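Scroll down for the structure; my scribbles are underneath it.
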Amino acid sequence: MSGKPVTSYNKIRKIGIFGGSFDPVHLGHTGLAEDAMKQAGLDKVIFIPARLQPFKLDKKLASGEDRLEMLKLAAGNAAGYEISTYELDTEGVSYSYLTMRAMREKYGNEVKLYFITGTDAFLKIDKWKNAEELLTEYSYVIGTRPGYRQDELKSYIESIREKYGTEIINIDNVQVDVSSTEIREMISRGQSTAGLISAEVERYIRSNGLYE
């Protein structure tokens, strides 16, 4: 038997980066994160609430503090969930390429970074600032539901892979057929949001008078 030491190579960790306004965070968000971990084999998902989203500069958001607290309540003690205040702590518009650069600098090349997003957002990614950098340097987990824009998404994924060599994992995730905008409107009308947001998040919203 050789006296040479045995070299052990650790598996490259896979981390999902999930950004958004989360105004408020709902079960569709946490469902996508959970399914991304299961179906794409991610070791953890980092939620990053935006300070100012590029495509929502004309929208008034709940405060960063409130959106952060709601995320903490929604994430609870779930294994593999982490929340970063990087964008909330950074002045200016929350561009994804800058966030991904920061995450790469933090975690180094020993981890693989996956940007988590839904079908609608991904189909517009070539319009994002520094799209070529985003598509060349990072991998993607795209959440969708069977039959929804399926042919369009498949064609677009193939074109992105061919042009940039991007790793893209398309998952069928549990969908909550509602948007944060609709939830805010329901709350303002005094309607129940049961089954759309967690009970803890709903209590926080009600007790702090958000979206009324």
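The values are calculated or read from the model by the stated rules, or taken from the named source; none is laboratory data. Since this is a predicted model, take the numbers as computed values, not measurements. As a convention, Cβ positions derive from the backbone with ideal geometry for all residues, glycine included, and neighbour counts pool all protein chains shown.
Residue by residue, here is whether (1) in contact (Cβ under 8 Å) with a residue 12 or more places away in the chain; (2) touching a Pro at 6+ places or on another chain (Cβ under 9 Å) holds:
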residue	(1), (2)
Ser155	no, no
Gly165	yes, no
Ser188	yes, no
Val201	yes, yes
Tyr211	yes, yes
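Pairs are defined by a Cβ separation below 6 Å, a sequence spacing of at least 6 or placement on different chains, a first member in region 70-94 that is more than 25 Å from Lys14 (Cβ to Cβ), and a second member that is among the hydrophobic types (A, V, I, L, M, F, W, C) and in a loop (DSSP other than H, G, I, E, B); the pairs so defined are Met70/Val25; Val93/Leu52.
Residues in region 154-212 that are more than 22 Å from Phe22 (Cβ to Cβ) and among the aromatic types (Phe, Trp, Tyr): Tyr156, Tyr164.
Taking the listed residues Thr119, Thr99, Thr85, the one that is surrounded by fewer than 16 Cβ atoms within 10 Å (Cβ to Cβ) and touching a strand residue (DSSP E or B) at 6+ places or on another chain (Cβ under 8 Å) is Thr85, with no other qualifying. Taking region 126-151 as the range and being assigned to a helix (DSSP H, G or I) and at pLDDT 95 or above as the test, the residues that pass are Ala131, Glu132, Glu133, Leu134, Leu135, Thr136, Glu137. Cβ separations smaller than 8 Å between residues 6+ apart or across chains give the following pairs from region 132-149 residues that are touching a residue at least 12 places away in the same chain (Cβ under 8 Å) and surrounded by fewer than 13 Cβ atoms within 10 Å (Cβ to Cβ) to residues that are among the acidic types (Asp, Glu) and not in a loop (DSSP other than H, G, I, E, B): Pro146/Asp172. The set of residues in region 34-77 being part of a helix (DSSP H, G or I), of a type in the set (Gly, Ala, Ser), touching a Leu at 6+ places or on another chain (Cβ under 9 Å) and within 23 Å of Arg104 (Cα to Cα) consists of Ala36 alone. Of the numbered criteria (1) under 25 Å from Ala102 (Cα atoms); (2) among the aliphatic types (A, V, I, L, M); (3) touching a strand residue (DSSP E or B) at 6+ places or on another chain (Cβ under 9 Å), the one Ala131 fails is (3).
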